[in-house]
Amino acid sequence: MLLICPKCETKNFLDPYPFWNFKGTTKCAGCNAIWRIQTSSGVSLAKPEEASGTADLLPGFAERQDYSAISGPGLTRPAPRARKDAVCKPIPIKRNVRGKIIAGYPLKKEDLVGSKAKFMVAGAS
């Protein structure tokens, strides 16, 4: 979704997930103007209206007319992370709900029982 600021013509890219069904305010990353918007199923229901106060949600990314990026604290939202405990380290999961071995940790030779990978490790075809 895209919000082009009527004041400074900055393109504010609104992340579809948080702005899918949204009624509130957002801030232009270019001129810091606050805009009241309302969306339903990812479609804007009305033109943005100028508002005051603080923004409920910030845009995910913004760029000026010359295509230079605008980002930073207070201007755009940081990129979302899936889980706080899954940053830069493997999750030690051994088996899925059906009991099958899944990746996510280094497999040992005994974990490969009956698999094609075991035949390759053993040198069998």
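Somewhere in segment 84-95, is a residue at pLDDT below 90 and more than 30 Å from Glu110 (Cα to Cα)?
Yes.
Residues in segment 1-11 that are assigned to a loop (DSSP other than H, G, I, E, B) and either more than 21 Å from Ser71 (Cβ to Cβ) or without any contact (Cβ under 8 Å) to a residue 24 or more places away in the chain (or both): how many? Before the answer, list the steps.
From segment 1-11, those assigned to a loop (DSSP other than H, G, I, E, B) are 1, 5-10; that's our starting set.
If we keep only those that are either more than 21 Å from Ser71 (Cβ to Cβ) or without any contact (Cβ under 8 Å) to a residue 24 or more places away in the chain (or both) as well, we get 6.
Count: 1.
Given the conditions (1) modelled with pLDDT under 90; (2) within 19 Å of the chain's Cα centre (by Cα), report the number of the one that Lys116 does not fulfil.
(2)
Residues in segment 38-53: is at least one assigned to a strand (DSSP E or B), in contact with a Leu (Cβ under 7 Å, 6 or more places away or on another chain) and either at pLDDT 90 or above or among the basic types (Lys, Arg) (or both)?
Yes, some residue in segment 38-53 is assigned to a strand (DSSP E or B), in contact with a Leu (Cβ under 7 Å, 6 or more places away or on another chain) and either at pLDDT 90 or above or among the basic types (Lys, Arg) (or both).
Filter segment 12-37 down to the residues that are assigned to a strand (DSSP E or B), over 12 Å from Met1 (Cβ atoms) and out of contact with any Pro (no Cβ under 6 Å at 6 or more places or on another chain) and list them by number.
Listed by number, the residues that qualify are Lys23, Gly24, Thr25, Lys27, Ile34, Arg36.
The values are calculated or read from the model by the stated rules, or taken from the named source; none is laboratory data. None of the values given here were measured: they were computed from a predicted structure. We place every Cβ from the backbone using ideal geometry, glycine too, and count neighbours over all the protein chains shown.
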